[in-house]
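The values are calculated or read from the model by the stated rules, or taken from the named source; none is laboratory data. Note that the coordinates shown come from a computational prediction; the quantities given were computed from them, not determined experimentally. Glycine gets a Cβ as well: all are built from the backbone with ideal geometry, and neighbour counts include every protein chain shown. Just the protein is used for accessible areas: all its heavy atoms, side chains included, with ligands, DNA and RNA removed. Shrake-Rupley method; radii C 1.70, N 1.55, O 1.52, S 1.80 Å.
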Amino acid sequence: MSRIADFIGKNARQNVLDALQRAADNDQYHAILNLTKERALERADLVDKGEITGRLAGVPFVVKDNFLAFGAPTTAASKMLEHFDAPLQATAVEKLEAEGAICIGKANLDAFAHGGSTENSAFGPTKNAIDINRVAGGSSGGSAVVTALDIVPFALGSDTGGSIREPASFNGVVGIKPTYGTVSRYGVVAMASSTDVIGCFTTNVADSELVLDILAGLDRKDMTTLVDFFVPEKTTKPNQKIGLIKEFMSHDVDEDVRARTNEYAEKLRAAGHTVEEVSIPIVLHTLAMYYIIVPAELSSNLARYDGVRYGHRAEGVTSLAELYGKSRDEGFVTENKRRIMIGSYVLSSGFFDAYYLQAQKARTLLINELNTLFETFDVLMGPTVPTPAFKLGENTADPIKMYLADIMTVPASLAGIPAISVPAGLSESGLPIGVQLMAARRNDAQLLSLARSMETT
Amino acid sequence: MTQISRDDVVHLAQLSSLALSDEEIQAMQTDIGNILEYVNQLSDLDTTGVEPTYQVTDLDNVWRADIVDDYGVNRDSLLALAPDSKDGQIKVPKVL
């Protein structure tokens, strides 16, 4: 697969034209909603004239279509924002452009990033890069697939509960969700503010380090951002102590997934690290916390889509309640509505203490448990997802079955810690399997360094 | 499964400003019941004396100067996003 370096120092216009051609050749995967051809070629010509320079000069990339970016509408894969032309660009996009990178298109996702398969896109699902009858994973499915198909060497995604790591695992690419607050979310369609994180997909870890190095840093337009602490770490700390999470290696987990994870653990041992099993019983409750806290937050964040100021407005309404109600019913997909209503339920008086407050207290228990473990362990690991990519339509009838794909990725989201999914081989039937590595807050650089060192072992 | 009544679903839809069809209400009644059944497992956890976590930034108050900043986005470009506008204002259907 291609690397960012393959595009550096080349003719930028040719880089862009080639990427656009690969996008067209792979149209059947439905990974891209809209190309930004005109703007991409304009920028490429400026790079070729030397008017735009930087560490990513002339390198094509794709953004998940919940990042505000010029050149095509920002739809969040929804009817609500189908015709929304962003009046500004996300800080993450601006930072990449400032280094000369060229956005060639907007990737498909589950509408408003609600989902784990990209089947909730209002414009149809993205297909898995390895098996076109299977899901891409989600919600950043399009971004994972364009990277896996080598259309571009990297793509931006957002991860609220696994939306970068799960599709990375399903398509055999690297997906990083950094520490909460590492990258500005200004100009990204908000989902759940206490866990939304920006990250990227690449074909190798070193490219993730490069992209994250560019993206990281304080942004006064996002008050939750941290002062830049991310500096790629060349030297991997030797003799690391790694905990293999026992609860994620039970017999419910696919046999091939467990086998590839154990092999990865063996490789870590062979590289001089210690891997021992660790039991964290509370991780099995994390999905329940997640599906209270996240719907609560997103029900509030999605209240802004009211059909008045921007986005879809229903026709022929006769009352204010109807204007709101019909615009929202037509603009959202079923999963959006389900989550908004769950959020309304857990926040309503009478249920608040039993659901929302209890979940936030349980979240404290999870964080305390992880903090204690990180006093002993450098890294915690396990599979990224309990199974390889499932078939299109296999889980759409049962929301709980769909949610269970997130069970291994949600702990890092609720705790705000960095987590990366790296390719760890294939299943018997040839489907990619990912392993997830997690570290304490702000230990992103060491985490990536370890992951990179394992690529060559 | 946790029972949630049709009236509860209709009330939730109102709270959420969603004008659902009858079929949608019926499907939501099943799905929301199942999801609540699943998340009810949290009542098994003893959280006596535990403080809730609302955010994980490890930041305290973040202050900025009280100066107006349009972040480089002007009024006209925002107004252009409205479904309908007139004389520099967003136009809405007559609903009263």
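Between B:39, B:73, B:50, the residue with the greatest mean-square fluctuation in the GNM of chain B (Cα pairs under 10 Å linked by springs) is B:73.
Extension gain, residue A:251 to residue A:369: 0.36 nm times the residue separation minus the Cα-Cα distance gives 40.1 nm. Full extension of the chain between residue A:267 and residue A:27 gives 82.7 nm of extra length, using 0.36 nm per residue less the Cα-Cα distance. Kindly tabulate the residues in segment A:186-229 with an accessible-area decrease of at least 40 Å² between the chain alone and the assembly of all protein chains, using a probe of 1.4 Å. Relative to the lone chain, where solvent access is computed with a 1.4 Å probe, segment A:186-229 loses at least 40 Å² at A:220, A:221, A:223. Distance between the modelled labels on residue A:304 and residue A:53, one decimal in nanometres: 3.7 nm (7 Å Cα→Cβ projection). Placing a pseudo-label 7 Å from each Cα along the Cα-to-Cβ vector at residue A:348 and residue A:132 gives an inter-label distance of 4.6 nm. You can think of it this way: the chain between residue A:357 and residue A:274 has 26.1 nm of extra reach, that is 0.36 nm per residue less the Cα-Cα gap. In Å, what Kirkwood hydrodynamic radius results for segment A:256-377 from the alpha-carbon pair distances? When all Cα pairs of segment A:256-377 are included, the Kirkwood radius is 18.1 Å.
Taking the accessible area of segment A:1-108, probe 1.4 Å, and keeping the other protein chains in place, the carbon and sulfur fraction comes to 47%.
Per residue, the convex hull spanned by the alpha carbons of segment A:235-324 comes to 205 Å³. Averaged over its residues, chain A has an accessible area of 32 Å² per residue, based on protein heavy atoms and a 1.4 Å probe. Counting only Cα atoms, the protein assembly as shown measures 73, 64, 52 Å along its principal axes, largest extent leading. Taken about its Cα centre, the protein assembly as shown carries a charge dipole of about 780 debye when Lys and Arg each add +1 at the Cβ and Asp and Glu each add -1 at the Cβ.
The interface between chain A and chain B buries about 5100 Å² of solvent-accessible area in total (1.4 Å probe, ligands and nucleic acids excluded). When A:398, A:219, A:65, B:87 are compared by accessible area of protein heavy atoms, the largest-first order is B:87, A:398, A:219, A:65, using a 1.4 Å probe.
Cα centroid separation, segment A:311-363 to segment A:384-450: 28 Å. Taking 30 Å as the limit for the C-alpha separation, the pairs A:127/A:246; A:177/A:267; A:10/A:106 exceed it in the case of A:127/A:246. Zone of residue B:34 (label point 7 Å along Cα→Cβ, backbone N under 11 Å): which residues in segment A:326-349? Those under the cut-off are none; the list is empty.
Residues whose amide H comes within less than 5 Å of that of residue A:134, counting only those at least five positions distant or on another chain, are A:128, A:392 (H built at 1.01 Å from N in the peptide plane).
A Förster radius of 30 Å, combined with the Cβ-Cβ distance separating residue A:429 from residue B:27, puts the computed FRET efficiency at roughly 0.35.
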